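The values are calculated or read from the model by the stated rules, or taken from the named source; none is laboratory data. Remember, predicted model here, so these are calculated numbers, not experimental data. Virtual Cβ from ideal backbone geometry, glycine too; neighbours counted across all protein chains shown.
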Amino acid sequence: MPNLEQYVDFNPEKETPSLAGRVLFVTGGTAGLGRATVISLARHSPAHIYFTGRNASAAADLLAEIKQIDPAVGTTFLKMDMNSLADVKKACVDGFRHSRLDLVVCNAGVMYIPVGLSADGFENHFAINHLAHAMILRVLMPVLARTATDPKLDNVDVRVVSLSSDAWRIHPKDGITFSTIRTEQKSWVGGAYRYGQSKLANLVYASALSHHVPASSANHNKPNSKTKGIKFLSVHPGAVTTGLTTTKLSTLDRAAIKAYTLYARITMMDESQGRLSQLWVAAGAPRDELVDGGYYMPVGRLSQDRLDEMAKSEELRDELWRFTEEVLDGF
């Protein structure tokens, strides 16, 4: 696995602590890294796992597999069209039924899909990869905050993990081009800029949540405080062979991926390897070792030193926060 930096030698089956009593939520759980993540987490006795997706048949197969792993783990599949913010909101409002929530893994995503707009009129990578997850977190934030700040709960460790990608580096000059985000943003480089822009948004939004959410660990921690707040984090899983990278790619987009992997001397990983980065940040890492708002490369490597000017920009962070809040307020 030459593209795994392996700063942490992590075996999720042996080194993930018990998740007993905890409620988990994973987007895009029916396939790829999401499915691998759900299965791995289910092996550690959580009280309940929510997962989202579009394929009811794949969801049924996953539900059956979880029951084989541990019949005591509660499960809920939320069928969700992340192309529509109204549908995302309805699925969460109608489907989430617990009074606590300990972990959200924002895993779902699209890559280099054909040029187009979402149901709400936004460039489709940005809409699905960023705005849909922002809506999910908007709906779930009250219960996340209650869980994180309830002094009556023991051993609380609330985390929100957003899957970014090293492809965030292939972003427009201004980072996120808000002036054209309600257009198809056609470009000679194909989907590279559109995908990279959305992955930059995932990374920057984790920092924005850490900065702006009152219940974040960064804002909540005080000397002698009995509660710790929410950890907001982003990760690069590595270059993983999933449905995102094996289907629906144009010749130009396939060439772009090939060129980038050769340039970066990357070897593609399978899902069993690609799951490690997000599983370590989500459940394997000791909480006190995680930096709120931090970006982690595989495996467990805090990588703020590898961010460029746009990825570290407080101006972009705050502009993305304001823009996203205004969009979500419309629903």
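Can you spot a residue in the stretch 118-132 that is of a type in the set (A, V, I, L, M) and surrounded by fewer than 16 Cβ atoms within 10 Å (Cβ to Cβ)? Scanning the stretch 118-132 turns up at least one residue that is of a type in the set (A, V, I, L, M) and surrounded by fewer than 16 Cβ atoms within 10 Å (Cβ to Cβ).
Being among the charged types (D, E, K, R), more than 28 Å from Thr149 (Cα to Cα) and touching a helix residue (DSSP H, G or I) at 6+ places or on another chain (Cβ under 8 Å) is a description that does not apply to Asp102.
Being of a type in the set (Gly, Ala, Ser) and surrounded by 15 or more Cβ atoms within 10 Å (Cβ to Cβ): is that true of Ala31 here? Against the criterion (of a type in the set (Gly, Ala, Ser) and surrounded by 15 or more Cβ atoms within 10 Å (Cβ to Cβ)), Ala31 qualifies. Of the residues making up the stretch 165-197, just one is under 22 Å from Arg301 (Cβ atoms) and of a type in the set (Phe, Trp, Tyr), namely Trp168. Being surrounded by fewer than 20 Cβ atoms within 10 Å (Cβ to Cβ) and touching a Phe, Trp or Tyr at 6+ places or on another chain (Cβ under 9 Å) holds for only one residue in Thr177, Thr149, and it is Thr177. Is it fair to say Ser84 is surrounded by fewer than 15 Cβ atoms within 10 Å (Cβ to Cβ) and touching a helix residue (DSSP H, G or I) at 6+ places or on another chain (Cβ under 9 Å)? Spelling it out, it is not the case that Ser84 is surrounded by fewer than 15 Cβ atoms within 10 Å (Cβ to Cβ) and touching a helix residue (DSSP H, G or I) at 6+ places or on another chain (Cβ under 9 Å). Looking across Ser162, Ser207, one residue alone is of a type in the set (Ser, Thr, Tyr) and either assigned to a strand (DSSP E or B) or farther than 19 Å from Glu309 by Cβ (or both). It is Ser162. Among residues belonging to the stretch 45-94 that are of a type in the set (Asp, Glu) and farther than 14 Å from Arg35 by Cβ, point out the one that is farthest from the chain's Cα centre (by Cα). The residue in question is Asp70. Total residues in the stretch 80-124 satisfying the condition of being in a loop (DSSP other than H, G, I, E, B) and more than 18 Å from Thr30 (Cα to Cα): the figure is 17. Of the residues making up the stretch 21-40, one or more are in contact with a Pro (Cβ under 6 Å, 6 or more places away or on another chain), assigned to a helix (DSSP H, G or I) and either under 26 Å from Asp154 (Cα atoms) or among the charged types (D, E, K, R) (or both). Against the numbered list (1) surrounded by 13 or more Cβ atoms within 10 Å (Cβ to Cβ); (2) out of contact with any Leu (no Cβ under 6 Å at 6 or more places or on another chain); (3) at pLDDT 95 or above, Gln273 comes up short only at (3).
Looking only at the stretch 19-43, count how many residues are over 16 Å from the mean Cα position of the chain (by Cα) and within 24 Å of Met141 (Cα to Cα). Total meeting the criteria: 6.
Among the residues making up the stretch 217-241, those that are modelled with pLDDT under 95 and not in a loop (DSSP other than H, G, I, E, B) are Ser217, Ala218, Asn219, His220, Val240.
Pairing each residue of the stretch 313-325 that is touching a residue at least 60 places away in the same chain (Cβ under 8 Å) with any residue that is hydrophobic (A, V, I, L, M, F, W, C) and not in a helix (DSSP H, G or I), provided the two are 6+ apart or on different chains, yields C-beta distances under 7 Å for Leu316/Ile176; Leu316/Met310; Leu320/Ile176. For the stretch 46-66, check the following and say yes or no: at least one residue is in contact with a Leu (Cβ under 7 Å, 6 or more places away or on another chain) and assigned to a helix (DSSP H, G or I). Checking the stretch 46-66: not a single residue is in contact with a Leu (Cβ under 7 Å, 6 or more places away or on another chain) and assigned to a helix (DSSP H, G or I).
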